[in-house]
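Heads up: the structure comes next, in structure tokens.
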Amino acid sequence: DLTKKMHGLKKEERLCLQLAAILHNVGKYIAIQDDGSGTLAVLSATEFIGLTPERKQLVSLLACFHNGHVSISEYHVRQLPEPMRLVLMKLIAILCVANALDAGHAGKIQLIRAKQTERGLALTYEASADETLERWHFMKHSPFFRNVFGVEPYLVKRQARETEA
């Protein structure tokens, strides 16, 4: 939601992003090393009530490539109609950054604001604990976001407010 002006995605595409964010690790039950393929297999075989076949495919591919290790020439991506490829790449870029910011699966980082600046996209956050792992994952995965949106994302830590005694 913080990058709505930038991505221009529709409400139903946001739903696909939410579903993929929740389901992106299901493939780890099949193979830890190749969880993307396992995720694609599980989600492709799952019935999603209320989703069209196209949206189901979008959720499955998005969850599969949640880490940004995908190219436009990937077989599954090439099977999509051209407009859907762009939507998929935008969603992967967003999920990839969001997933990196929860690398430790501890919910330590809370994004507060996204603002486009001369330098790029400033993502202001607060952290409830040491976020070294999450910052490292963010630096590792943010180039995909930059390649898709043409904007460099960077993190700005907001200092926690002191509570009154």
message = If a residue must be among the β-branched types (Val, Ile, Thr) and either modelled with pLDDT under 90 or touching a strand residue (DSSP E or B) at 6+ places or on another chain (Cβ under 9 Å) (or both), how many such residues does the range 11-58 contain?
response = 4
inquiry  = closer than 27 Å to TRP136 by Cβ, touching a helix residue (DSSP H, G or I) at 6+ places or on another chain (Cβ under 6 Å) and outside any loop (DSSP other than H, G, I, E, B): which single residue out of LEU111, LEU58, LEU17, LEU43 fits that description?
reply    = LEU17
inquiry  = Given (1) surrounded by fewer than 17 Cβ atoms within 10 Å (Cβ to Cβ); (2) under 26 Å from TYR125 (Cβ atoms); (3) more than 15 Å from the chain's Cα centre (by Cα), identify the lone condition not met by LYS108.
reply    = (1)
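Residue-wise test of (1) part of a loop (DSSP other than H, G, I, E, B); (2) of a type in the set (Val, Ile, Thr); (3) exposed (fewer than 14 other Cβ atoms within 10 Å of the Cβ); (4) modelled with pLDDT under 95.
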| position | (1), (2), (3), (4) |
| --- | --- |
| ASN67 | yes, no, no, yes |
| HIS76 | no, no, no, yes |
| ILE94 | no, yes, no, yes |
| ASN99 | no, no, no, yes |
| GLY104 | yes, no, no, yes |
| HIS141 | no, no, no, yes |
| VAL148 | no, yes, no, yes |
| GLN159 | yes, no, yes, yes |
| ALA165 | yes, no, yes, yes |
key: Residue that is surrounded by 18 or more Cβ atoms within 10 Å (Cβ to Cβ) and of a type in the set (Lys, Arg), where the choices are LYS28, LYS90   = LYS90
request  = Scan the range 118-131 and give yes if some residue there is under 13 Å from HIS7 (Cβ atoms) and outside any loop (DSSP other than H, G, I, E, B), otherwise no.
outcome  = yes
request  = Would you please name the residue that is nearest to VAL148 (Cα to Cα), looking only at residues in the range 104-127 that are touching a strand residue (DSSP E or B) at 6+ places or on another chain (Cβ under 9 Å) and of a type in the set (A, V, I, L, M, F, W, C)?
outcome  = LEU121
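The values are calculated or read from the model by the stated rules, or taken from the named source; none is laboratory data. Keep in mind that this is a model prediction, so the values were computed, not measured. Neighbour counts are summed over all protein chains in view; Cβ atoms, including those assigned to glycine, are modelled from backbone coordinates with ideal geometry.
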